[in-house]
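The structure appears below as structure tokens.
The values are calculated or read from the model by the stated rules, or taken from the named source; none is laboratory data. These numbers come from a predicted model, not from an experiment. Methodologically, a virtual Cβ is constructed for each residue, glycine included, from the backbone with ideal geometry; neighbour enumeration extends over all protein chains shown. Note: areas computed on protein heavy atoms with side chains; ligands, DNA, RNA excluded. Shrake-Rupley method; radii C 1.70, N 1.55, O 1.52, S 1.80 Å.
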Amino acid sequence: MLAYPILPVQRLTGTVRIAHLALPKSVTMESPALEIMTDLRHTHVAEIEPHATMELANIYMMQRSVRSLFVLNDDHLLQGVITASDILGDKPVRFIQERRVKYGEILVSDIMTPLDCLEAIPIEEVQYAKVGHVIASLRDAGRQHTLVIEEDAEGAPLVCGIFSLTQIEKQLGTAILLTEVAKTFAEIEATLMH
């Protein structure tokens, strides 16, 4: 077994402070977009399995103080995203009416935004963008979150960041109003039927 030398120590005296998590940096619309991106390469990812209940997802979000979770399958591949808006909005009510199930029986996979409905901004675009560009993109999509991707070693897409409207509002110090926008035929049809 390797012998490791002990690390030097020093006695604590006088005034000693504890490091605290830095508050999010204040930004403006002209600040670099990277200043508002949650970089998943340097932070723990909040994730859940598709077969977990919606109630469990809601509890997990509250415990973690997040408003979205990545939905990963058993192979740790992205299946979708579930947000607090999905859980607290009208999706569960519509699902109960359509499927005749109980609230506690709704699974994450039932109300998440599936992978094929997600959009992402390439990191190359983000590197030169401003906060205002990100907000305009969120408004155009009518979404609270958008993903950022880069290519992995094999050239496949890898989610490396996320923009969250809540985080942007905190850093800007102001509320940002969005309107929900139906982008696909299925979303337009669902809106017209309800």
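For the range 81-128, applying the loop criterion from DSSP together with a ceiling of 10 other beta carbons within 10 Å to the trypsin sites (Lys or Arg not before Pro) yields Arg100, Lys102.
So, R0 is 41 Å and r is the distance between the beta-carbons of Tyr103 and Glu151; what FRET efficiency does that work out to, to 0.05?
That pair, Tyr103 with Glu151, gives E of 0.50.
Counted residue by residue at 0.36 nm each, then reduced by the alpha carbon distance between them, the extension gain from Glu125 to Ile6 reaches 38.2 nm. Mean-square fluctuations from a GNM of the chain, with a 10 angstrom spring cutoff on Cα atoms, peak among Lys25, Lys170, Lys130 at Lys25. Probing with 1.4 Å while keeping every protein chain in the model, the per residue accessible area of the chain equals 69 Å². Contact order for the chain, expressed relative to its length and based on alpha carbon pairs under 8 Å spaced 6+ residues apart, stands at 24 percent. Exposed loop sites were defined as GluC sites (Glu not before Pro) in DSSP loop states (anything but H, G, I, E or B) carrying at most 16 other C-beta atoms within 10 Å; in the chain the longest segment without such a site runs 31-118.
Computed over the chain, the per-residue total of -39500 (n - 2.57) for DSSP H runs of n ≥ 4 gives a 222 nm mean residue ellipticity of -8000 deg cm²/dmol, rounded to 500.
Per-residue Karplus couplings for the range 96-110, computed as 6.51 cos²θ - 1.76 cosθ + 1.60 with θ equal to phi - 60°, are listed in order as 4, 5, 6, 9, 6, 10, 8, 3, x, 8, 6, 9, 3, 4, 6 Hz, Gly and Pro entered as x. With a cut-off of 8 Å between alpha carbons and a minimum separation of six or more residues, what is the relative contact order of the range 71-149 in percent? Taking the mean separation of contacting Cα pairs over the length of the range 71-149, I get 28 percent.
Checking [x] 35, 23, 19; [y] 27, 24, 13; [z] 47, 18, 14 against semi-axes √(5λ) of the Cα gyration tensor in Å calculated from these atoms, the matching label is [x].
Between Leu56 and Leu72, the distance separating the two model label sites (each 7 Å from Cα on the Cα→Cβ line) works out to 1.5 nm. Expressed as a whole percent, the accessible area of the range 1-102 that falls on carbon and sulfur atoms is 58 (1.4 Å probe).
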